[in-house]
Structure formats: C-alpha cells, structure tokens
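Contents: one structure, followed by commentary.
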Amino acid sequence: MRVLALLDGTLADPDAPQLRVDDLGVHRGDGIFETILVVEGRPRELGPHLDRLERSARLMDMTIPPREDWQRLVAAAVDAWPWKDDREMALKIVCTRGVEGTDVPTAWGLGTSIEEQTKRKRADGVSVVTLERGIAPELMERAPWLLLSAKTLSYAVNMAAMREARRRDADEVVFVASDGTVLEGPTSNVVLAQGNSLLTTPPSTGILRGTTQGALFRAAENAGWNTRVERFGVDDMLAADGVWLASSVRLVTQVRSIDGAEVKADPALHETLGALYESNYS
C-alpha cells in the first residue's frame, strides 16, 4: 500500500511520474527528508521530526515550505491511509532544492506499509557489525560544511555500509569514529543500558539527533531511570546490560551480537524499554 500526498493537501498517483529529471534531488542528492511512523492514525514525534527537518534545512542553506504546509501534507496522507487494513504507515516527507536556478523546492510525502523484514527485526533483534566512518568525533564543529548531523538525501555511503553488513552476514551497522568511539547506525541511534542508566552518543560527534531515542529517554526519565549523553566505545557496548538501535520505523530494536560476539540480550529488559517507549503514546 502506498499514498502520495502534496503540500496543498491533495493526493497524487504514486505510480505516475511526479519528479522532473533535472531536479537537484536526483542529480546531486541535494535535499532532506524525515521518516515518520504513524500508528492507527497518530503520527509519532511529528513535532521533533519537523524540528529536525528545519534544522537540516538550515545546515543545507535551503528554504523549505512552512511547517503548516508539512502538517497539512501529513494530515492528508494519514486521512487517506486504510487503517482498517493496516495499522502502521511509514511516512517519508522529502524536500529537494528543486530544479537548478529556480529557487523553488520540490516537496512531497510518501506513505508506505512497514516491510515484513522490519517487523522481524523488531521481534527477533539484529546482529551488528562495526564499520569505520572515517571521521573524528569533533569534526562537525571544525567542518560544518560536511553536514554530518543533517538528514540529507545523500545516502550512498549509508547504503554501501548496509551492503557490507550483508556481505559479513550481519543485519545492521554501527559506525565508529577514527578514535574508535561509537557514532550511530546508517538509519538509527545507538542506546545501551548500564544498570539503571541509558546512554547514547552526543550530537556533537556529528550524529543525527534521534527522535525515537529522544522519546525513549523522555519516558525513561519519567520512570526514574538515569539518562546520559556521552561518548563510549565498542568495548562499552560489549560490556553493557543491553544494546539497542532506535529508529522511527524499527522502534527500539535489540542488538544480539556485535562483530560476531554475543552481547547481553535480556528479554525482560528489552520488554521494559519497549514499554517505556510505547508509554509516550498510550
């Protein structure tokens, strides 16, 4: 199932051509996006997603449509989805710089069903390999033009990393910096548990600010957990009480092995973290 929504709140045929071949999003990956999970008609973390879209636009020196246009687009996609048949939708909202020389951005939202493979990862957990990202953890401050913390359409490196994971018989990737500290996954944030604390890596290392990770930490703090944003290494993941990848569509996915080494995967702790995340929306 797919639904294509436009900024004016109208729907379009997702099987018909919609994008000009000279759009800069096609030629250069010159654009930004967000993927929003919608469950039973309720978009999750819509405000933080739109905040992050606007932040990515600022980093890219892009002018994007106002927030109310995106909200109208989201509402149109949600209203058009057959909720009686499918309780979840992944809604990807996209904005490119448009056709070169026009200064008119191209924007749309595409809603799709959640893939069965994604649902299996949620239920079964994942194996992970660590791959070098080739950057220093403080590089974002020295070289903001690299757009390290922007969610751009330039995903060739991320997809190459996922292909490498499959070559190594793994499901997912965790990038590490040049000094060995943990960064993020190609499409996820890393969360680990140490006692009554949850840790994730800081945005100052150039990682994307996590909406799902943020929702989990918000609920955990309300439930009395300690949350910390700090640098840690692969050894810390291997020694943790549990490791998860947090993303909008895969939610809080348990990691079962890292570079072939098993990590702690307590089902009760995993259930607790899942319940904490879901408590934001009950």
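These residues, L19, L37, go from largest to smallest accessible area, 1.4 Å probe, as L19, L37. If R0 equals 41 Å, the separation of the Cβ atoms of D51 and E262 corresponds to a calculated FRET efficiency of about 0.65.
State the antiparallel share, in %, of DSSP beta bridges confined to segment 119-280, rounding to the nearest 5. Bridges in segment 119-280 are about 60 percent antiparallel. Per residue, the solvent-accessible area of segment 88-246 (1.4 Å probe, heavy atoms of protein chains only, all protein chains present) comes to 43 Å². R166 contributes about 140 Å² of solvent-accessible surface, heavy atoms of the protein only, 1.4 Å probe. Helix 67-80 axis versus longest C-alpha principal axis of the chain: approximately 90°, rounded to the nearest ten. Each other residue within a Cβ distance under 11 Å of R44 adds +1 if Lys or Arg and -1 if Asp or Glu, for a net charge of -3. Its alpha carbons considered, segment 119-280 gives a radius of gyration followed by a Dmax of 14.8, 43 Å.
From the alpha carbon centroid of segment 204-222 to that of segment 127-174 is 19 Å. Count Lys and Arg as plus one, Asp and Glu as minus one, and take only other residues whose Cβ is under 14 Å from that of S282; the net charge is then +1.
Taken one residue at a time, the phi angles of segment 56-66 give Karplus couplings (6.51, -1.76, 1.60, θ = phi - 60°) of 4, 4, 5, 5, 8, 6, 10, 9, 10, x, x Hz. Gly and Pro are set to x. On full extension, the segment bounded by Q71 and R2 gains 23.0 nm, given 0.36 nm per residue less the C-alpha separation. First obtain the Kirkwood hydrodynamic radius of segment 2-114 from its Cα pairs, then insert it into the Stokes-Einstein equation at 20 °C and 1.002 mPa s, and state the resulting D in µm² per second as a whole number. The calculation lands on 150 µm²/s. In this label model, L19 and T272 are separated by 4.4 nm, measuring between points 7 Å along each Cα→Cβ vector.
For the chain, which span is the longest to avoid every loop-located (per DSSP) member of GluC sites (Glu not before Pro) having at most 15 other Cβ atoms inside 10 Å? Answer from the scan: 139-229. Here the convex hull built on the C-alpha positions of the chain has a volume of 134 cubic angstrom per residue.
Computed from the C-beta positions of T10 and E116 and an R0 of 41 Å, the FRET efficiency is 0.85 to the nearest 0.05. Taking other residues whose beta carbon is less than 9 angstrom from the beta carbon of E34, and scoring Lys, Arg as +1 and Asp, Glu as -1, yields +3. Legend: calculated FRET efficiency, R167 to L238, from the Cβ-Cβ distance at R0 = 25 Å, rounded to 0.05, equals 0.65. Here the label points at A123 and R142, each 7 Å from Cα along the C-beta direction, are separated by 4.7 nm in the simple model.
The values are calculated or read from the model by the stated rules, or taken from the named source; none is laboratory data. Here the structure is a predicted model, which means the values were calculated and not measured. Please note: Cβ atoms are built from the backbone with ideal geometry, for glycine as well, and neighbour counts cover all protein chains shown. Note: areas computed on protein heavy atoms with side chains; ligands, DNA, RNA excluded. Shrake-Rupley method; radii C 1.70, N 1.55, O 1.52, S 1.80 Å.
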